[in-house]
Amino acid sequence: MEIRNAIVDAMFCIIYKKKALTWKTGIERRTECNLPTSNMAAQRRNLMQSHQSWTDDLPLCQLCGVGTAPNCMYGTDGKDTQSHPNEDTHLRFRSEDGCSLYGVFNGYDGSRVASFASQCLTAELLLEQLSADHSDTDVRRILTQAFEAVEKSYLHTIDDALAEKANLSGYMLPHSEKVQERLKELEQEVSGGATAIVALILNNKLYVANVGTNRALLCKTTTDGQNQFFQLGRPHNTDNDDELKRLAALGLDSARVRQAGQIAGQSSTRRLGDYRVKINYNDIDLLSAGKTRPIIAEPEIHGSQSLDSVTGFLLLMSEGLIDALECAHGPEHVNKEIVAMVAAELAQQTTLEAAAQSVVDRVKRLHHDVYTSGRQRATFCSRHEDMTLLVRTLNYPLADGVLTPTQAGGRIYPVSVPYSNSQSTSKTSVTLSLVMPSQSTLTNGTNTASTLEEGTPTPGSQSPTATLQSTNTQTQSSSSSSGDGSLFRQRGSQAAQPDETGRVPPYVDFTQFYRLWGSDHGDGQIAQGGLGPQ
C-alpha cells in the first residue's frame, strides 16, 4: 500500500509542479511540493475528478493531425444515438531534445484506463528517460518498462476499491439495497481497459509499440511517385496464430479461444487494465487453466525503422476506425483504402487536422451509406465504435491553399445538391462533380493496386459518397444525371491556366442546375457561361 501511494503521489505531484524531470519517492515528492502527507489523498481525489493534466503544458507536435468520431448506433427511424461517451484518447508530443511521442488508445467500459495510460506513459518516456546515446536495444527496453510501469501503476490505483468490493461481496446474501448500490459504484470505478498503439521517433528512427488491436501503417513515397505502405505488426487478437501459441504454452485451449472469438467481451489478447482478466482470470472459464496471467500488457515492439530521406506519412488508427471500414467493404483492402484517402486529403487540405478529420468523416459516411443501402453488408453496419486517426507526416507536403483542385491535378466525384423552392414543396436534385486530388499509384510491397473496392459506392449508385476510384494519374470524369449526359465539362489531365485577369476557367458547369432553377421559377432564364442568374 505504501508503494502504491508513493507512485501515485509522485505522479500527482508532477501535475502540480508541471516541470518535474525525474520520478522520485513519495516522501521526496511531498517535500519538494510542500504538500503535507495528510492532504495528498484528498488532493488526489480532487484532481481525478477534474480535467487538469500535467501534459497540458507539453509542446504538441506540429507535424501531426488527429481526426475523431464518437460511437454511433443507427436507428430505423433515421435518428442516430451515441451509446456511451467517447472512450478513445491520443497523445502527440514533441520534446525539446527532438524526441517525439504519439499514441492512440482505444478504451472500453469507460475511458479511465485510456486516459491514465496516455498521461502515465508520457511521464515514463518524456522525462529525460530517453537520450540520443541510447541504442535500439536500450530504446526497446525502455518502451517495455514504460508499459509495465503504466500497468502496475493503474492496478495499484484501484487496490482500495477492489478490497472494498471484495469485502462487501462477502456480506451475507441477500445484499441490502445500500450494499448493492455501493457494489455497483465500485464496479464502475474499477472496470474497463484499453488497447494502445504508440510510436516513438528518436534520432530520426521510428519505433512502434503495440498492445492489442489498434494499427500502425507507414507509407513511403518512392522516387517514381508510388505510395508504398507497410503494416507494422499484427493485432493481438484471437485470430493471431502467434498469440494462440503463447496462450497454448500457458495451458489454454487455443482452439477453444479461437472459436470463442472474444475473451471477457473483447477480442484482444493483450490489453492495459481490465482487472477481470488480470487479477481474477482464474474465475473466467476460458482462462482458468492458465499457469500464469494469460492476458498481458507487454508490448510488441517494431523498430528501429530509419526515417532518413523518407517522404510519406505514419498512420495510427484505433480499432473502431478499422472495424467500421471492414464492416462496410470487407477486411481485404482496408489498409489500401485508408492510405488512399489520407493521400487524397493531404493533397487537398491545408492543415493536417483537417486532413485527418476528413478521412474519419469519410469512413463514417461510407459506413452509414452501406447501412442505408440495404446491400448484403448492411447487416454488419448497424453501429460503429469510437474512431480515431492520427496522421504524422514525414517530409510530406500539404496542399497549396492558392491552387484550385484541378491545378493540383484531380479526379472528379459526384455530390448530390438538392434545391428547394420556397414557393413550392417540390425539390430539384442535380448531381455535381467535385474534383478530388489525383494520387500516385499505391503499392503494397511490390504489387501495384487500384483503390476501388468491391462494394464501394460508385457514381452511378444511390450513395452520394464514393471511395477513390483509381490510382492512375489521368483525370477522369464520373457523373450521374437524369439529363442529357452533358452536365459536366470534359477536362484533360493538364492543369487549367489562369487567363489575363488571373481567373481560372470553371471546372464545374452549372448550366443544367440553373436551367432547372429557372424552370422552377418559371422565368426560363439561363445564365450564360454557368455563372448563375443575372
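A few remarks follow.
- Förster radius 60 Å - calculated FRET efficiency between Asp308 and Ser519 (Cβ-Cβ, nearest 0.05): 0.45
- Solvent-accessible area of region 60-213 (1.4 angstrom probe, protein heavy atoms only): carbon and sulfur portion equals 50 percent.
- DSSP-assigned coil residues among trypsin sites (Lys or Arg not before Pro) in region 267-367, each with at most 13 further Cβ atoms within 10 Å: Lys291
- Solvent exposure of region 52-153 amounts to 44 Å² per residue of accessible area, where only protein heavy atoms count and the probe is 1.4 Å.
- Cβ-placed point charges (K, R +1; D, E -1), dipole of region 99-203 about Cα centre in debye, nearest 20: 180
- With all protein chains modelled, accessible area of Leu58 [1.4 Å, Å²]: 40
- Label-to-label distance, nm, for residues given as Arg258 and Asp97 (7 Å Cα→Cβ offset): 4.5
- Counting 0.36 nm for each residue step from Asp283 to His175 and taking away their Cα separation leaves a gain of 36.7 nm.
- Annotation note: GluC sites (Glu not before Pro) in region 100-206 located in DSSP loop regions with a Cβ neighbour count of at most 13 within 10 Å are Glu128.
- Efficiency of FRET from Cβ geometry, Thr137 and Met73, R₀ 51 Å, rounded to 0.05: 0.65
- Packing here is the average count of other Cβ atoms within 10 Å per residue, and on that basis the peptides 232-240, 78-86, highest first, run 232-240, 78-86.
- Among residues other than Val310 with Cβ under 13 Å from its Cβ, the summed charge is +2 (Lys and Arg +1, Asp and Glu -1).
- Contour minus Cα-Cα distance for Leu250 and Phe380 (0.36 nm per residue): 43.4 nm
- One decimal place: the segment Gln231-Asp56 gains 59.9 nm when fully extended, by the rule 0.36 nm per residue minus the C-alpha distance.
- Counted by Cβ distance under 12 Å from Leu286, the other residues give a net charge of 0, where Lys and Arg count +1 and Asp and Glu count -1.
- Flagged links, alpha-carbon separation over 27 Å, of Lys79/Lys178; Lys205/Lys336; Lys245/Lys336; Lys152/Lys220: Lys79/Lys178; Lys245/Lys336; Lys152/Lys220
- Based on the Kirkwood approach, the hydrodynamic radius assigned to region 222-289 is 13.6 Å, with every pair of different Cα atoms included.
The values are calculated or read from the model by the stated rules, or taken from the named source; none is laboratory data. Everything numeric here is computed off the predicted structure, so don't read it as measured data. Cβ atoms come from the backbone with ideal geometry, glycine included; neighbour counts cover every protein chain shown. Accessible surface areas use protein heavy atoms only, side chains included; no ligands, DNA or RNA. Shrake-Rupley method; radii C 1.70, N 1.55, O 1.52, S 1.80 Å.
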